[in-house]
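Participant: What follows is a single structure, and I will ask about it in a moment.
Each reported figure results from applying straightforward, stated rules to the coordinates on display, with no laboratory input. What you are looking at is a predicted structure, and each value in this text was computed from that prediction instead of being measured. Virtual Cβ from ideal backbone geometry, glycine too; neighbours counted across all protein chains shown.
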Amino acid sequence: MTISRTARRRATAILSLSVAGVMLAACGSSSNAGSDPTGKPTATGVKKGLTVYFIPKDTQNPYEVLADQGGKKALEELGGKVVVSSGTADTAAAQIPSIQTAIQKHADAIVIAGNDPSALCPSLNQASAAGIKIVSFDSDISCGTSPNHLFINQADTADVGTSEVDLLAKQIGSTGQVAILSAAASATNQNAWIGFMKKQLTKYPNMKLVSTVYGNDDPATSLTVLQGLLSAYPNLKGIISPTTVGISTAAQYLSNHKDVAKKVTLTGLGLPSQMKSYVKDGTVKSFELWNPNQLGYLAGYAAASLASGSASLQTGSTFKAGTLGSYKVLAPASGVGPSVVLGPPTVFDASNVDKFNF
Ligand code: RAM
């Protein structure tokens, strides 16, 4: 555990250092904010001096760090600031103190990745009653009709689940035992993707889902449940890991155990920066993701726009997200309230994995 936390901190530090460069490339440097120093809406309708609390799943996962950096960049462009606050484990209990702090500090908005769809709702309702705008990103919250919030979705949920299964099917000839190595068992995003994976698996009658295990987005736990999976199912043909922590942990294990890698195909959602060495050594053929930097950047713009009254939750309404352009609010559908989708994921393989700097 100690070793893994140290390694994770090191990875986080390296990613943080490289993020400045990534953001310059991804977002340009022009300011989208007007020049009114009084806090009144600027030319683009966004007030200056806003404080947005970013509450990621945890503060140690390099994916979440990249997303938070995107949010910081957005608020910098808008003349405001981001405070990142969360726990070190993917639980709602670890996030509640951060929501309470945001309330005490009179934040203008909260951007949160829900570790559990409903456990955060009482605190978020309190924040909303205090006038704080609520945005979820990465992993939605489910609070019924209250508080109103906007979900910044990374990619179409059905497409993510469906394409993961298709990617694996292609590589294993649509046959054999398969398993899922997920994040926290209560994570809204992974569970929604898994729902669509199960649906898509019905199209492959010779592929059998034998187990879903949960590594909590912690490298040590992910490794333990992976090893359990491999010993329980010696004939396992494929693993889908819809988490950057799970897939990178599994890829590292397979890379060090070539005998297992020969029998088990791994795909899922991974950061190209963490995965490229495993693509190059032949451990992994393909996987997918979106740019987490851009996800945070979009969420930052959405939060600032809602807090300024220049965006609304109305279906079809639009707001500007700096260098990413304009985004439209989608109608609520199947358990998800008003949402915005960043865009389709990119599939990475040996032909393109070097071209991405996140
Ligand atoms: C992990 C987290 C995050 C998810 C990515 C793909 O880093 O679980 O929520 O979106 O993987």
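Participant: Of THR101, SER118, GLN60, which is farthest on the positive side of the dipole of the chain, counting Cα position, with +1 on Lys and Arg Cβ, -1 on Asp and Glu Cβ, and the Cα centre as origin?
Facilitator: GLN60
Participant: I would also like to ask the following. Any chance you could give the angle, 0 to 90 degrees and rounded to 10, that helix 292-308 forms with the longest Cα principal axis of the chain?
Facilitator: Once rounded, the angle reads 30 degrees.
Participant: Then there is this: How big is the dipole moment of the chain about its Cα centre under a simple scheme where the beta carbon of each Lys and Arg is +1, that of each Asp and Glu is -1, and everything else is neutral? Debye, nearest 20, please.
Facilitator: 320
Participant: Would you mind telling me which residue in LYS258, LYS208, LYS47 has the biggest mean-square fluctuation in a Gaussian network model of the chain, where springs connect alpha carbons within a distance under 10 angstrom?
Facilitator: LYS258
Participant: Only four residue types carry charge here, +1 at the Cβ of Lys and Arg and -1 at the Cβ of Asp and Glu. Report the dipole size of region 262-358 about the Cα centre in Debye, rounded to the nearest 20.
Facilitator: I would put it at about 160 debye.
Participant: Still on this structure: Give me the Debye-computed log₁₀ of I(q)/I(0) at q = 0.07, 0.13 Å⁻¹ for the chain, equal point scatterers on Cα only, no solvent, two decimals.
Facilitator: -0.29, -0.97
Participant: To the nearest 20 debye, what charge dipole does region 72-147 have about its Cα centre, counting +1 at the Cβ of each Lys and Arg and -1 at the Cβ of each Asp and Glu?
Facilitator: Here region 72-147 has a charge dipole of around 240 debye.
Participant: If you don't mind, there's one more thing I want to ask. Could you check which residue among LYS57, LYS198, LYS276 shows the biggest mean-square fluctuation in a GNM of the chain with a 10 Å Cα cutoff?
Facilitator: Looking only at LYS57, LYS198, LYS276, the largest GNM fluctuation is found for LYS198.
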